[in-house]
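The values are calculated or read from the model by the stated rules, or taken from the named source; none is laboratory data. Please read these numbers as outputs of a predicted model, since none were measured by experiment. So basically every Cβ, Gly included, is an ideal-geometry build from the backbone, and we count neighbours across all protein chains shown.
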Amino acid sequence: MTKQVKQLDRVIIRFAGDSGDGMQLTGDRFTQESAVFGNDLVTLPNFPAEIRAPQGTLPGVSSFQVHFADHDILTAGDAPDVLVAMNPAALRANLGDLPKGATIIVDSHDFTARNLTKAGYTANPLEDDSLAEFALHTVDLTGMTVEAVKQFGLSRKDAARAKNMFALGLLSWMYGRPIESTIAFLTKRFAKVADIRDANITAFKAGWNFGETTETFVVSYEIKPAPMAAGTYRNITGNLALSYGLVASSVQSGLPVFLGSYPITPASDILHELSKHKSFGVTTFQAEDEIAGIGAAIGAAFAGSLGVTTTSGPGIALKSEAIGLAVMTELPLLVIDVQRGGPSTGLPTKTEQADLLQAMFGRNGEAPVPIVAPQSPGDCFDAVLEATRIAVTYRTPVLLLSDGYLANGSEPWKIPDIDDLPAIDPDFATAANHALQDGESDFWPYLRDETTLARPWAIPGTPGLEHRIGGLEKGDGHGNISYDPANHDFMVRTRQAKVDRIADSLPPLEVDDPDGEAKVLVLGWGSTYGPIGAGCRRVRKAGYRVAQVHLRHLNPFPKDLGEILSRYDKVLIPEMNLGQLSMLIRARYLVDAVGYNHVRGLPLKAADLAVAIGNLVAEAEGIDVDLTSTPVAEEANK
Amino acid sequence: MTPTSTGTEELPFPGLRSGVEGVPTNEEPQTGKEYTSDQEVRWCPGCGDYAVLKAVQGFLPQLGLRRENIVFVSGIGCSSRFPYYLDTYGMHSIHGRAPSIATGIATAREDLSVWVVTGDGDALSIGGNHLIHALRRNVNMTILLFNNRIYGLTKGQYSPTSEAGKITKSTPMGSVDHPFNPVSLALGAEGSFVARTIDSDRKHLTSVLSAAAAHRGPSFVEIYQNCPIFNDGAFDAIKNNDTMADAIIPLVHGEPIRFGMLDESGNQTKGLVRDPATGGVKVAEIADVGHDALLVHDAHNPDPTMAFAISRLTDSGYLNQSPIGIFRQVERPTYDDQARGQISSAREAAPGTPTQRLAGLIGGGDTWTVV
């Protein structure tokens, strides 16, 4: 039978199943195949905090969404074109996100009365016409998998576990994915258990062959590789890019990384990854608690390491006092917050960016801390290098705000040339810097560099520079304890001035305003870069004007931000919080910024954001804005 | 090459590593004055901290390390001002966290001699978690816990070592908290070196410091320290010449444990024996049990049970009796040595320069090239 091949420019697929069904692995493999094929892509894993929630229930559903295209895309997509559902709960939990006409592939095997009840179905949706508006494919994935791997003599349970690979094979066929990388992956992963390895590979191939031979699927699709800048690429998640960025920071500064960390979702993967890189001199210390994690990192920084602590929002709350100590002792330190839904334990596995004000102000006293935020998974690499530059140059703790979406989401990443990475000079103090009245020379730990206001970093083992630092207020210059009122006022202002001076070292902001005529500016930070960019594209495709600026530095703000804000009639600030950047911008620049705020534990949706932008454009320009009337609107999510 | 200390001859375990091995030594003799910073000491007149400071400033020159390779870390409290008065590297950190900061320093740098100065509130209350984990991990540092059984810097509240019933500013009807016995706690936390000494007994204090510095691992030293302002006289029974013989149970490795007033023939009258009724240890009259029944102190016993039993002879109320000396001194691999060991073996196994290896790392995995 000859099958039809249809050209598409982009597809959004969501794999959904039970937490134990291996959906994250399935999605990840499909992503890798697409990456190797050369599509642009963005992924969105979504899983429960429970490791194995009760099987077959709605809370136990785990999913992985991948958006891949023949052109540059910015988000994991608002609504899936294809849903692969391994059981009734996975169908029910995800159905609401599907547009009419979407394709649904279900594993009919698990649609038993018991599982239907668990998922809250009173009737089997595969048998009534409730799914009539979708292109439904009912396939006994489990049954065919068990049949395909019979020869390996596995238990029925073990045999059925390979069903995710059968599904992956089928989808790989449908979208013309290259399969070699997955076969190589399975061969390596199960190298020690031959029967499991062979069963998975067999199931994967059987899924592919099923697609090719069955009459259930008459069409396969082709999504051509996306044009990308020349270079070598890999697919990368935010946490991996962040870990690599830390190793690169170490190599570029010559400082060994010392990571003090306590396991916490969604930051733990950084601890896991860095623990593999001891050959770079990386020490990973799994502390007894969050406070000990940062405490040890501060100690290591005092001793001359690149001190790093990684955590999420609840951990930052616990580390606050120690961050204040690093502010007072003016030691270089990286504090990495992979934000998740809050407050309190909140939504451990879901994304949010509601720790900005905590990062900005969450300490006693006037304790300014520079803040840096990556905007995409791959950008985590560069953001860490920038945070290291600031920490080492200005002798200060730096907060890096990633989030759950960046941490686990992935995108193709152009592997940088090592020669292009910035060099970072620790510039350790080696000699006395102050002449005493009696002519003797002395070391003053709080004598500052005139340009940066940074103090010298003199590490133990350096003769003649013995000194004491601590949390008590320092006398200007000599650094001894001082309770003098005028000195305290001076030191508080100086610590603030030092952070403010970082702005002198920042490049001008990039303003994306194609014809320079926009009246509305969309300002964002962190992982909202993708949805904001996609939302702006939709508005522009529909024929309207909008400008976009995305902040990497949240403290201090770049020097030209105020002037840029003043150029626009309206400023929209989309955030996954209730308006934290808005508050800072309004306070600092007296700009009547408009917020667009969602705290759903999920990335913002480009389509909804486009509507919000459109409304503001209508208001600012006194025109009617209709994003749907333009024929190209459909194509706009690029 | 800078000479570094080996110090193994001082160790009770020949062939094993000293706590200061790897730390550069000083060839010139040093003086206490060199270790004295230019800062005015600001403890209350009569505070026991002065005596400990003097003893440490007297001891460090004997240790013979390079001054720049010594780091003192403290938390918060009266005793935690200690680093300011020593001309070494130092950090006066935040309440209770000194062991965690010291863990970072000790793990990052083998060539540093790391000391923690803390108090009963700092180490046992707000910082209890860090203390027990530094002990169980066996991080190479010396922890001096100044125990005055009161909160001094906050002006006189009861502490986690204050006796039950104590009347303080925050307990006008008497404390209803049961106190910690710091030595029992350290032994329970698997401390590999656990000792107790007294601020006013400089000779004993210095001998314990010497053994503590030689021990590779966390050397936990509880120092009874009098607070003349808020808890004056807390240790009078063990300091007063009339009562100390009955109050101090001296622990010397390899010696029978005996103490008490001398009899007519000049022999001590009391000693420690096993108590078959409880499985623990009790005080007995030597005249009743005979000399051979006395326990011989074995600080090197890998099993901490007997050391723990001895620690329980410390009064939890007003201190009329307390064992003093080195309870436990055993060797096990330190956290920091092993962490550094893993790094060096990983480094040795990895070819190429760091830059080459970085390129290999970030360029690994499934890649594709766009031309």
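A few comments on the model shown:
- Residues that are within 11 Å of another protein chain (Cβ to nearest Cβ), touching a helix residue (DSSP H, G or I) at 6+ places or on another chain (Cβ under 7 Å) and closer than 29 Å to A:GLY342 by Cβ are absent from region A:438-460.
- Close pairs (9 angstrom Cβ cut-off, 6 or more residues apart or separate chains): assigned to a loop (DSSP other than H, G, I, E, B) in region A:577-588, of a type in the set (Asp, Glu) anywhere: A:ASN577/A:GLU352; A:ASN577/A:ASP355
- Yes/no for A:LEU141 being over 26 Å from the mean Cα position of the chain (by Cα), aliphatic (A, V, I, L, M) and modelled with pLDDT under 95: no
- Test: residue in region B:215-233 that is over 30 Å from B:THR107 (Cα atoms) and small (Gly, Ala, Ser): yes
- Filter pass, A:PRO412 being in contact with a Leu (Cβ under 8 Å, 6 or more places away or on another chain) and under 20 Å from A:LEU306 (Cα atoms): no
- Yes/no for A:GLU563 being surrounded by fewer than 20 Cβ atoms within 10 Å (Cβ to Cβ), over 24 Å from the mean Cα position of the chain (by Cα) and modelled with pLDDT of 95 or more: yes
- Yes/no for B:ILE76 being within 14 Å of another protein chain (Cβ to nearest Cβ), within 18 Å of the chain's Cα centre (by Cα) and of a type in the set (A, V, I, L, M, F, W, C): yes
- Here A:SER181 does not fit the description of being of a type in the set (Ser, Thr, Tyr) and in a loop (DSSP other than H, G, I, E, B).
- Of the helices (runs of 4 or more DSSP H) lying entirely inside region B:269-371, those carrying at least 1 residues that are within 14 Å of chain A (Cβ to nearest Cβ) and more than 30 Å from A:LYS188 (Cα to Cα) are B:335-349.
- Selection count, region A:589-619, where residues are in a loop (DSSP other than H, G, I, E, B) and crowded, with 16+ Cβ neighbours inside 10 Å: 9
- Some residue of region A:440-449 being assigned to a strand (DSSP E or B), touching a Ser or Thr at 6+ places or on another chain (Cβ under 6 Å) and not charged (D, E, K, R): no
- Residue-level analysis places A:ALA391 among those that are buried (at least 22 other Cβ atoms within 10 Å of the Cβ), among the hydrophobic types (A, V, I, L, M, F, W, C) and in the same structural domain as A:ASN239 (by TED's automatic domain parsing).
- Test: residue in region A:212-226 that is of a type outside the set (Asp, Glu), within 14 Å of another protein chain (Cβ to nearest Cβ) and closer than 30 Å to A:GLN353 by Cβ: yes
- Residue in region A:412-427 that is closer than 27 Å to A:ALA367 by Cβ, within 12 Å of chain B (Cβ to nearest Cβ), out of contact with any His (no Cβ under 9 Å at 6 or more places or on another chain) and not hydroxyl-bearing (Ser, Thr, Tyr) present: no
- Here A:ALA317, A:ALA292, A:ALA297 are screened, and the one residue that is more than 24 Å from the chain's Cα centre (by Cα) and touching a residue at least 24 places away in the same chain (Cβ under 8 Å) is A:ALA292.
- Count - residues of region A:288-302 that are within 7 Å of chain B (Cβ to nearest Cβ) and farther than 25 Å from B:ALA350 by Cα: 10
- Condition check for A:LEU271 on (1) outside any helix (DSSP H, G or I); (2) more than 12 Å from every other protein chain (Cβ to nearest Cβ); (3) closer than 30 Å to B:SER113 by Cβ: one failure, at (1).
- For region B:79-106, a residue qualifies if it is in a helix (DSSP H, G or I), surrounded by fewer than 24 Cβ atoms within 10 Å (Cβ to Cβ) and either more than 8 Å from chain A (Cβ to nearest Cβ) or out of contact with any strand residue (DSSP E or B) (no Cβ under 9 Å at 6 or more places or on another chain) (or both), and the qualifying residues are B:ARG81, B:TYR85.
- Evaluated against (1) of a type in the set (A, V, I, L, M, F, W, C); (2) over 15 Å from the mean Cα position of the chain (by Cα); (3) at the interface with another protein chain (Cβ under 10 Å from one of its Cβ atoms), B:LEU63 falls short on exactly one condition, (3).
- Flag if A:THR462 is more than 30 Å from A:GLU575 (Cβ to Cβ), of a type in the set (S, T, N, Q), surrounded by fewer than 16 Cβ atoms within 10 Å (Cβ to Cβ) and not assigned by TED's automatic domain parsing to the domain that holds A:SER527: no
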